[in-house]
Amino acid sequence: MLFKQWNDLPEPRHQLDFPEISKNLQSLEFCPIPRVELPQDLNVSQYSTVIITTKIMNPLFPKNLLQLTSIGEVKSSLTVKNSSPTQSTDAYSWNYDENFPNEVDPISESETSKETQYNFSFPIYSFGETLLFSIEENFINISPIFGNMISRSIVSQLIKTSPDIIVIGSSDRISNMKKMTKSECTLQPPEFITGFIGSVLTQLIIGENKGMNFKCLIVPSEGPNGFEKISLSDMGSLIDVCSQWLGFDHSKYSQECYRLWRCDSAAIGAQSGLYI
C-alpha cells in the first residue's frame with residue numbers, strides 16, 4: 001500500500017510558532033480574541049457627527065486649524081497562552097544531554113507555558129460637535145482581528161445615540177472615488193474594501209447594528225494597509241468633499257491638508273524610491 005490514511009500519519013515533531021493557532025487543528029478549541037475598552041467618560045450623545053477613519057487620513061484633520069482635543073483612547077489587548085506541544089508516541093525522542101550536549105531539545109525548551117501580551121491604543125479626538133476615531137493599521141504588527149473587534153465596539157456605542165456617521169477610507173481595489181450611504185453603493189464587482197474600514201462598513205450594513213444612517217467616502221490607493229499612498233488628484237477630490245461635508249473654509253483647509261500630506265509622504269510621487 002503506497003499511501004496511508006491521513007489520520008494514520010504521525011503528528012509532526014515540531015510545530016510552527018503561531019500561538020494563535022490551536023495545537024490540535026482538528027479540535028473545536030476556543031482561541032482568545034482581543035478585548036476592547038472605550039473611555040468610561042465618553043459621552044457620544046453630546047456630538048452630532050462622528051467620523052471613523054484610519055491614520056493615513058489624519059492630514060484631513062489638521063490639529064492646529066481644527067483645534068483638535070484629545071478625549072481618550074481606544075484600547076485593545078490580547079493575551080495568548082503559549083503552551084508546549086504534546087509529544088506524540090510515534091515521535092522519536094532524542095537524548096540531547098548525551099548525544100548533543102551543545103544543542104537544546106525543542107521539546108524541553110518549551111515545557112513551561114508562557115503568556116504573550118499584545119496591547120494597542122488609538123487616540124480619540126473631538127472638534128466642535130464632531131467626534132473623531134482614527135485607527136492605525138499596520139499589516140506587519142497589528143493583526144486584522146484587532147480592527148474587527150474595535151469596529152464592533154465603536155459601532156455598538158454609536159447605535160445608542162444614532163449621530164451622523166462619516167466613514168473615510170481607501171482601497172487598492174477601486175479605480176475612482178466612491179461614495180456610499182445606507183441605501184446606495186457605487187461599488188461594482190470585482191471592487192471591494194478590506195481592512196478596518198471594510199469591517200466598519202460591514203457592521204453598519206449587515207452586522208448586528210445594521211440600519212444606521214451613514215455616509216462613506218473611499219478613494220483609490222496603492223500599497224498595503226497602513227502604508228497606502230494616494231494620488232494628488234484623488235487627494236484634491238477628497239479634500240473638496242470633506243470640506244463640503246464638514247463645513248470647512250476650503251482655501252485654508254486644502255492648503256493645510258496638502259502640507260500635512262507632503263510631510264507624511266503619503267502622496268504618490270511625494271518621495272523617490274519604493275515603499276516597503
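The values are calculated or read from the model by the stated rules, or taken from the named source; none is laboratory data. Since the structure is predicted, the reported quantities are computational estimates derived from the model, not experimental observations. All Cβ positions, glycine included, derive from the backbone under ideal geometry; neighbour counts span all protein chains shown. Only protein heavy atoms, including side chains, enter the accessible area calculation; ligands, DNA and RNA are left aside. Shrake-Rupley method; radii C 1.70, N 1.55, O 1.52, S 1.80 Å.
With the structure loaded, tell me whether Thr194 is of a type in the set (S, T, N, Q), touching a residue at least 24 places away in the same chain (Cβ under 8 Å) and touching a helix residue (DSSP H, G or I) at 6+ places or on another chain (Cβ under 8 Å) or whether it fails that test.
No; evaluated as a whole, the condition is false for this residue.
Just checking, which of Ile168, Ile140, Ile174, Ile154 is in contact (Cβ under 8 Å) with a residue 40 or more places away in the chain and part of a helix (DSSP H, G or I)? Talk me through it step by step, then tell me what you get.
Values: Ile168 fails: part of a helix (DSSP H, G or I); Ile140 fails: part of a helix (DSSP H, G or I); Ile174 fails: part of a helix (DSSP H, G or I).
Checking each option against the conditions leaves just Ile154.
Can you pull out every residue in region 181-209 that is open to solvent by less than 100 Å² (accessible area, probe 1.4 Å), among the hydroxyl-bearing types (Ser, Thr, Tyr) and part of a loop (DSSP other than H, G, I, E, B)?
The answer is Thr186, Thr194.
Could you tell me how many of the residues in region 123-149 are under 16 Å from Ile168 (Cβ atoms) and under 11 Å from the mean Cα position of the chain (by Cα)?
5
Every residue in region 225-238 that is open to solvent by 40 Å² or more (accessible area, probe 1.4 Å) and closer than 15 Å to Phe196 by Cβ, please.
Asn225, Phe227
Which ones in region 215-266 are over 25 Å from Ile142 (Cβ atoms), out of contact with any Asp or Glu (no Cβ under 9 Å at 6 or more places or on another chain) and part of a loop (DSSP other than H, G, I, E, B)?
Listed by number, the residues that qualify are Gly247, Phe248, Asp249.
If you scan region 147-164, which residues turn out to be open to solvent by less than 50 Å² (accessible area, probe 1.4 Å) and under 15 Å from Ile197 (Cα atoms)?
Gly147, Asn148, Met149, Ile150, Ser151, Ser153, Ile154, Val155 - these are the residues of region 147-164 that are open to solvent by less than 50 Å² (accessible area, probe 1.4 Å) and under 15 Å from Ile197 (Cα atoms).
Mind checking whether some residue in region 103-115 is at pLDDT 55 or above, exposed (fewer than 14 other Cβ atoms within 10 Å of the Cβ) and closer than 25 Å to Phe146 by Cα?
Yes, region 103-115 contains a residue that is at pLDDT 55 or above, exposed (fewer than 14 other Cβ atoms within 10 Å of the Cβ) and closer than 25 Å to Phe146 by Cα.
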